[in-house]
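Enquirer: Before we start, here is the structure in question, set down as structure tokens.
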């Protein structure tokens, strides 16, 4: 079988943008971050902590969050891990450093 010698008429497809990159861009906005964390919280504590880690990374990283929340960086990494078990005061410090707060509503 002989292949045509002409070049194909189609253009190469641009590489896809990674989901994490789009998420990180959106989570830089405080409103988007608040909605994302609310949705994560509704899924459960483990998902919430992973979502909080996404927001921390998007808004400057763990080092910046640790510095502004006055928490030890290693403690913050543990807090944001899948098995994290943060105290309410630590959680509040991290959220405050991100310009966020917990709000309760009647369902």
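Enquirer: For 104, 41, which order do you get if you count the other beta carbons within 10 Å of each Cβ and list the fewest first?
Expert: Ordered by Cβ neighbours within 10 Å, fewest first: 104, 41.
Enquirer: Pulled fully out, how much extra length does the chain show between residue 75 and residue 57, if you take 0.36 nm times their separation in residues and subtract their Cα-Cα distance?
Expert: Extra length from residue 75 to residue 57 when fully extended: 4.9 nm.
Enquirer: Find the relative contact order for the chain and round it to a whole percent, using C-alpha pairs within less than 8 Å whose residues are 6+ positions apart.
Expert: 22 percent
Enquirer: Once you have the Cα-Cα distance between residue 64 and residue 107, take 0.36 nm times their residue separation minus that, and quote the gain in nm to one decimal.
Expert: Details: separation 43, 0.36 × 43 = 15.48 nm, distance 3.49 nm.
The residue 64-residue 107 span can extend by a further 12.0 nm.
Enquirer: If I compute mean projected area of the Cα convex hull in nm² from the structure I just sent, which labelled value in (1) 8.8; (2) 12.0; (3) 6.5 lines up?
Expert: Among (1) 8.8; (2) 12.0; (3) 6.5, the one calculated here is (2).
We did not get these values from a lab; they are worked out from the coordinates using the rules stated. A quick note: this is a predicted structure, and the numbers were derived from the prediction, not measured. Every residue, glycine as well, gets a Cβ built from its backbone with ideal geometry; the counts of neighbours run over all protein chains shown.
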